[in-house]
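**Q** One structure follows; several queries about it will come next.
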Amino acid sequence: MGPVAGSTSADEDQGPTEAPAAPALPQHPRDAVAAARIRVPTRGNRRLERLLEAANGDLQLKAWWHVAQVNASRLGMSDHSWVHIQVVVNIALRVFRLMQRRGIEPGMVADHGMRPHDAEVVIAAASLLHCVGMAIHRTDHEAFSLFLAADKLGVLLEDAYEEPERSVVVAEALGAIIGHRRSGEPLTLEAGIVRVADALDMAKGRSRVPFEAGRTNIHSLSAAAIDQVRIDAGEDRAVRIEIDMNNSSGIFQVDELLATKLRGSGIEDHVEVVARIEGEHEKRLVPVFRL
C-alpha cells in the first residue's frame, strides 16, 4: 500500500499516515512562517535537496504561503497554507516516480537531454509555487503565481544549477504552474503531474473546512465525504489512485474536480482512478437539507 496523499514521511515507502491539518488562524506572520517546513523524500537527488533547503530558508516564500491561507480562510475555502504545498509536492513526486518505473519519459529528458532527477526538480519547484498567487487574489491566482515565481525560482535554484540549465528549469516550472489551472494546457509530463497532484489534496481532514464551518453545499458535502486517498502502482497503468468515501456525494469531488484536472493533463493514459464507499451504509453528513 502506498502512502496516503499528504503524508509527511521522510521515507516514501513507510505506511500511510494521517494528513496534517491546516494551521489555525489568526497567526502573527512570524509565528506562521516559523512552523512552515516542507519535507520530501529526495532519494539522493542533490539538486532537489538544494531546492528544498533554499525554500525552507526563504521567509518571503513562507509569507506568501501564509497569506494564501489567510485569503482561503476569508473565502471559506479548503487549506491553501504551506501544508497544502507539502501535500502537493509529495503527491506529485510519488506519481512521477511511479511513472518512472514504467519508463515514461518526462520533458526534461525527452526535450532537453537532461535527467529524471531534473524533472523532479521541475515538479517540486512548480508545486512549491503553484498557488502563491492566492496571496494576491483567488481570481486568476495562477497568473499571479507566475508574477511572483518568475524571479523567486531563479533565487531558489541558484545553488542547484548554473546557466543555461537554471533558466530551462525555471521556464519548465513556470509552464507547470500556469498549466495547473482548470483551462490550462500542460505541455509536459511534469506539468500534467503538478496539475493532477493539486486536485488530489482531498484526503480526510484536508478539505473539510467549509463543511465544518457550516457551509452546506455540494462542495462542502463532497469534501467531507472523502476519507482517504491512496496512490500506488497500477497493473494496466502506471498509477492507480484509490479514493475511499463515506458518502456518495464524494463523487462530485472525483468527477467534477479531479476528473476535470485529469482530462487534458496529458497523463490520462497513465492513471486509473477508483472511488468506492466502504461498508454497507453511508455516513449521514447532514440530517436535513433545506432551501
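The values are calculated or read from the model by the stated rules, or taken from the named source; none is laboratory data. Keep in mind that this is a model prediction, so the values were computed, not measured. Backbone-built Cβ (ideal geometry, glycine too); neighbour counts: all protein chains shown.
**Q** Out of curiosity, is Val122 surrounded by 16 or more Cβ atoms within 10 Å (Cβ to Cβ), in a helix (DSSP H, G or I), more than 13 Å from the chain's Cα centre (by Cα) and modelled with pLDDT of 95 or more?
**A** Against the criterion (surrounded by 16 or more Cβ atoms within 10 Å (Cβ to Cβ), in a helix (DSSP H, G or I), more than 13 Å from the chain's Cα centre (by Cα) and modelled with pLDDT of 95 or more), Val122 qualifies.
**Q** Determine which single condition Leu61 fails, assuming it passes every other condition in (1) more than 26 Å from Gly266 (Cβ to Cβ); (2) surrounded by fewer than 16 Cβ atoms within 10 Å (Cβ to Cβ); (3) among the hydrophobic types (A, V, I, L, M, F, W, C).
**A** Single failed check for Leu61: (2).
**Q** Considering only the stretch 224-248, state which residues are assigned to a helix (DSSP H, G or I) and either within 15 Å of the chain's Cα centre (by Cα) or surrounded by fewer than 21 Cβ atoms within 10 Å (Cβ to Cβ) (or both).
**A** Looking only at the stretch 224-248, we keep the residues that are assigned to a helix (DSSP H, G or I), and these are 224, 248.
Once the filter is applied, which keeps residues that are assigned to a helix (DSSP H, G or I) and either within 15 Å of the chain's Cα centre (by Cα) or surrounded by fewer than 21 Cβ atoms within 10 Å (Cβ to Cβ) (or both), the stretch 224-248 yields only Ser248.
**Q** Of a type in the set (Ser, Thr, Tyr) and at pLDDT 90 or above - does that describe any residue in the stretch 221-228?
**A** No: zero hits.
**Q** To continue, here is another question. Taking the stretch 72-96 only, how many residues are buried (at least 18 other Cβ atoms within 10 Å of the Cβ) and assigned to a helix (DSSP H, G or I)?
**A** Looking only at that region, the number is 17.
**Q** Considering the stretch 66-84 alone, what residues qualify as being of a type in the set (A, V, I, L, M, F, W, C) and either out of contact with any His (no Cβ under 8 Å at 6 or more places or on another chain) or free of Cβ contacts under 8 Å to residues at least 40 places away in the same chain (or both)?
**A** Answer for the stretch 66-84, where residues must be of a type in the set (A, V, I, L, M, F, W, C) and either out of contact with any His (no Cβ under 8 Å at 6 or more places or on another chain) or free of Cβ contacts under 8 Å to residues at least 40 places away in the same chain (or both): Val67, Val70, Leu75, Met77, Val83.
**Q** Looking at Gly266 and the list (1) surrounded by 18 or more Cβ atoms within 10 Å (Cβ to Cβ); (2) at positive phi; (3) modelled with pLDDT under 70, which single condition is not satisfied?
**A** It fails just one condition, (3).
**Q** Can you confirm whether Ile178 is at pLDDT 90 or above and either under 21 Å from Val87 (Cα atoms) or basic (Lys, Arg) (or both)?
**A** In short, yes.
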